[in-house]
Amino acid sequence: MDPKHKRLLRSQRLFLAEELLVDDMIIQYLYQEEILTESHLEEIRSESSNRKKTLKLLDVLPTRGSHAFHHFIQSLEKDFPWIKDKLLGLCAEDSEPPLPPFSVQCGVPDHILPTVPTSQHLNRLAAHLSSEWKSVLLDLGLTSADLYRCCADHPLAVQSQVLAGLVMWTQRNGRGATVRRLLQSLQAADILPSVLQQVFV
């Protein structure tokens, strides 16, 4: 999720907890658009009050990739148009000067962006990712079952789990598994460009 949208949701937590009714329509729409998983639905439904359901949803959304904010706004269209209008209005006001493209911040040369990452790239990346590796791989299109398999195959080494997931992604997507696509998921997971500067040189 764009850092600007994360800031906005964080700053409006109390407003949303008071105003928003997290009913099945909203979470089913987000499930349909693959923003929420079945386990997210269960977690949200199991909360004892509407306020807690809303706060749980706000905890989950920032971890669900670059389209999560857009789909959340769409889910408000029918029953909560005033909330949608307020969030979009605040979003328009929050116009910090744009940063250079993420690929530039990471020091990735343009000619590498459309190529498939080499095994050396994947090895280096696996060594640099820590707790956020699962959200990166989910954003790349792997399933929870895929991640479980990576963990089961390499129970003692997180780096090997991450590498197995990255290799699975490149094998499934072929030429579509580009460095550019990988950087999009890394950016969505809030990986710092400085962490990646050693990976793609």
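The values are calculated or read from the model by the stated rules, or taken from the named source; none is laboratory data. What you see is a predicted model, and the numbers here were worked out from it, not measured in a lab. All Cβ positions, glycine included, derive from the backbone under ideal geometry; neighbour counts span all protein chains shown. For accessibility, only protein heavy atoms count, side chains too; no ligands or nucleic acids. Shrake-Rupley method; radii C 1.70, N 1.55, O 1.52, S 1.80 Å.
Brief remarks on what is shown
- Region 1-154 - accessible surface per residue (Å², probe 1.4 Å): 55
- Taking each DSSP H run with n ≥ 4 as -39500 (n - 2.57) and averaging over every residue of the chain yields -17500 deg cm²/dmol at 222 nm.
- Of the DSSP H helices in the chain, those whose Cα atoms cover at least 24 Å axially and whose Kyte score averages -0.5 or more: none
- Charge-dipole axis of region 46-188 as Lys and Arg at +1 and Asp and Glu at -1 on Cβ define it, positive-most pick from Ser46, Pro109, Leu87: Ser46
- Remark: region 1-104 projects, on average over all directions, an area of 6.8 nm² (convex hull of Cα atoms).
- When all protein chains stay in place and ligands, DNA and RNA are ignored, the 1.4 Å accessible-area order of Thr170, Thr54, largest first, is Thr170, Thr54.
- Three-way shape call for region 115-201 based on the alpha-carbon gyration tensor, with the a/c threshold at 1.5: rounded
- Percent accessible area from carbon and sulfur atoms, region 89-201, protein chains only, probe 1.4 Å: 56
- Set Lys6/Lys78; Lys4/Lys86; Lys56/Lys86; Lys6/Lys56; Lys4/Lys84 screened for pairs whose C-alpha atoms are more than 18 Å apart: Lys6/Lys78; Lys56/Lys86
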